[in-house]
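S.K.: Okay, here's the structure, questions in a sec.
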Amino acid sequence: MITIAVDAMGGDLAPRPEVEGSVLAARELGLRVLLVGIPAEIKRELARHSLRGLSVEVVPARDVIAMSDSPAQAFRRKKDSSAHVAARLVRHRQADALVSAGNTGALMTVARFVLGTLPSVQRPALAAPFPTSRGGVTVLIDAGANVDSKVGHLLQFAVMGEIYYRVIFGTRRPKVALLSIGEEESKGNELTKEVYNRLKDLPLNFVGNIEGREVFSGSVDVIVCDGFIGNVALKISEGVAQHIAAVLKKALKSTIASQVGYVLSRSAYREFRRNIDYSEYGGAPLLGVRGVAIVGHGRSNANAIKNAVRVAAELTHAQLNERIERELSSLPIAVGT
């Protein structure tokens, strides 16, 4: 049975969504879930659910890393935090993967230094999936694990993102593109132009540059970028989606002329919200670390936690890390420099 360690204290509303989502995952997916955190708080939430026949256990941790904590200080000073304990469970093979909706910077620091990186990986990267206008999914990598990246890092991000897309979304030859300020090969800064030239030599389905306006078009499957740019793009995308949802809701309320129109409009609005709902994707895997680590949104609800646990189990079952290490180490050219 696959075992997932869930940081039950990490999210904005913890531990309620973490507990409910973990119970749902254990019930629907047949997984063993270890809820890591303050036992009294977790057990109080567990009392709200029927656990008959489920493999859900509580693992104590004394500290909690707050969203406002400095990642570096939290890593050094809160060694018994729920994030640390969950990572150690994976490191000591008491769990196959960890899920957290907590402080992203702190979790990435904990995962990188407690779990360590794969032998062929220089920098782990966040692979963030998001919906496209074609009804599919595009993965943005790196979405914020690294604020300063070198050419070799982006090449590794491309390889890891392509493998992840194959494993989760089942596309045999995902289209890989580089995020830049123009489609032409000559566009971009020195980093992107050098990465472009090097990506052409890798055994990937590299289709060239993609501009920011095409990110949601669904024309490519994997978009590669520096973590600083990727995180800005991701946060702007979240803000725009929330803004459009709010504007649509207001417009529908003010322009509905009949009960039939109201019902149809409400139905279309619910479909729109479902299509942009981050909770359906669970979270972003931190690729390149030893073990599987899923970073969820701070506002993750129970559905998001359940899906994060699902993705963690899928990546574990698919032996994603073994694939990444095998394919990176067997490339005909070096990508770490």
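S.K.: Just wondering, is there one or more residues in segment 162-179 that are aliphatic (A, V, I, L, M), closer than 21 Å to GLY283 by Cα and surrounded by fewer than 19 Cβ atoms within 10 Å (Cβ to Cβ)?
M.R.: Yes, some residue in segment 162-179 is aliphatic (A, V, I, L, M), closer than 21 Å to GLY283 by Cα and surrounded by fewer than 19 Cβ atoms within 10 Å (Cβ to Cβ).
S.K.: So which of LEU98, LEU51, LEU89 ends up being at negative phi and touching a Gly at 6+ places or on another chain (Cβ under 8 Å)? Full working, then the answer.
M.R.: Numbers: LEU51 fails: touching a Gly at 6+ places or on another chain (Cβ under 8 Å); LEU89 fails: touching a Gly at 6+ places or on another chain (Cβ under 8 Å).
Only one candidate qualifies: LEU98.
S.K.: Then there is this: Find the residue count for segment 109-128, including only residues that are surrounded by fewer than 23 Cβ atoms within 10 Å (Cβ to Cβ), under 17 Å from CYS225 (Cβ atoms) and touching a Leu at 6+ places or on another chain (Cβ under 7 Å).
M.R.: Residues flagged as surrounded by fewer than 23 Cβ atoms within 10 Å (Cβ to Cβ), under 17 Å from CYS225 (Cβ atoms) and touching a Leu at 6+ places or on another chain (Cβ under 7 Å) within segment 109-128 amount to 0.
S.K.: When you look at SER237, is it assigned to a loop (DSSP other than H, G, I, E, B) and either more than 24 Å from the chain's Cα centre (by Cα) or buried (at least 17 other Cβ atoms within 10 Å of the Cβ) (or both), yes or no? Explain how you work it out, then say what you get.
M.R.: Working: assigned to a loop (DSSP other than H, G, I, E, B): no; either more than 24 Å from the chain's Cα centre (by Cα) or buried (at least 17 other Cβ atoms within 10 Å of the Cβ) (or both): yes.
Taking the combined requirement at face value, the residue does not satisfy it.
S.K.: For segment 276-317, which residues satisfy the criterion of being modelled with pLDDT of 90 or more, of a type in the set (A, V, I, L, M, F, W, C) and part of a loop (DSSP other than H, G, I, E, B)?
M.R.: None; the set is empty.
S.K.: Filtering segment 134-161 down to residues that are within 15 Å of GLN122 (Cβ to Cβ), in contact with a helix residue (DSSP H, G or I) (Cβ under 7 Å, 6 or more places away or on another chain) and among the small types (Gly, Ala, Ser), which residue is surrounded by the most Cβ atoms within 10 Å (Cβ to Cβ)?
M.R.: Top of the filtered list is ALA145.
S.K.: Counting just the residues of segment 69-86 that are of a type in the set (S, T, N, Q) and either surrounded by 13 or more Cβ atoms within 10 Å (Cβ to Cβ) or touching a residue at least 12 places away in the same chain (Cβ under 8 Å) (or both), which one comes out farthest from ALA293 (Cα to Cα)? Working first, answer last.
M.R.: Filtering segment 69-86 for residues of a type in the set (S, T, N, Q) gives 70, 73, 81-82.
Then drop every residue that is not either surrounded by 13 or more Cβ atoms within 10 Å (Cβ to Cβ) or touching a residue at least 12 places away in the same chain (Cβ under 8 Å) (or both), which leaves 70, 81-82.
Working: SER70: 20, SER81: 16, SER82: 14 Å.
Only one residue fits best here, namely SER70.
S.K.: Is it true that some residue in segment 47-59 is at pLDDT 95 or above, crowded, with 21+ Cβ neighbours inside 10 Å, of a type in the set (Ser, Thr, Tyr) and within 18 Å of ILE305 (Cα to Cα)?
M.R.: The answer is no; no qualifying residue exists.
S.K.: For the structure I just gave you, tell me whether PRO119 is at pLDDT 95 or above and touching a helix residue (DSSP H, G or I) at 6+ places or on another chain (Cβ under 8 Å). Please lay out each step first, then the result.
M.R.: On the way: at pLDDT 95 or above: no; touching a helix residue (DSSP H, G or I) at 6+ places or on another chain (Cβ under 8 Å): yes.
No; evaluated as a whole, the condition is false for this residue.
S.K.: Here's a follow-up. Mind listing whichever residues of segment 16-36 are part of a helix (DSSP H, G or I) and of a type outside the set (A, V, I, L, M, F, W, C)? Show your work before the answer.
M.R.: Here is the first cut: in segment 16-36, the ones part of a helix (DSSP H, G or I) are 16-29.
Of everything in segment 16-36, those that are part of a helix (DSSP H, G or I) and of a type outside the set (A, V, I, L, M, F, W, C) turn out to be ARG16, PRO17, GLU18, GLU20, GLY21, SER22, ARG27, GLU28.
S.K.: Scanning segment 179-202 for residues that are over 19 Å from the mean Cα position of the chain (by Cα) and hydrophobic (A, V, I, L, M, F, W, C), which turns out farthest from GLU214 (Cα to Cα)? Working first, answer last.
M.R.: Of all residues in segment 179-202, those over 19 Å from the mean Cα position of the chain (by Cα) come to 180-202.
Now restrict to residues that are hydrophobic (A, V, I, L, M, F, W, C): 181, 191, 195, 199, 202.
Details: ILE181: 11, LEU191: 20, VAL195: 19, LEU199: 20, LEU202: 23 Å.
So the residue we want is LEU202.
S.K.: Out of everything in segment 175-221 that is among the β-branched types (Val, Ile, Thr) and either modelled with pLDDT of 95 or more or not in a loop (DSSP other than H, G, I, E, B) (or both), what residue ends up being nearest to ALA158 (Cα to Cα)?
M.R.: Quick first cut of segment 175-221, residues among the β-branched types (Val, Ile, Thr) only: 176, 181, 192, 195, 207, 210, 215, 220.
The next check asks that each one be either modelled with pLDDT of 95 or more or not in a loop (DSSP other than H, G, I, E, B) (or both); those that pass are 176, 192, 195, 207, 210, 220.
Working: VAL176: 7, THR192: 13, VAL195: 10, VAL207: 12, ILE210: 14, VAL220: 13 Å.
Across segment 175-221, the extreme among qualifying residues is VAL176.
The values are calculated or read from the model by the stated rules, or taken from the named source; none is laboratory data. From a predicted model like this one, the values you see are computed outputs, not experimental measurements. Reconstructed Cβ throughout: ideal geometry from the backbone, glycine too, with neighbour counts over all protein chains shown.
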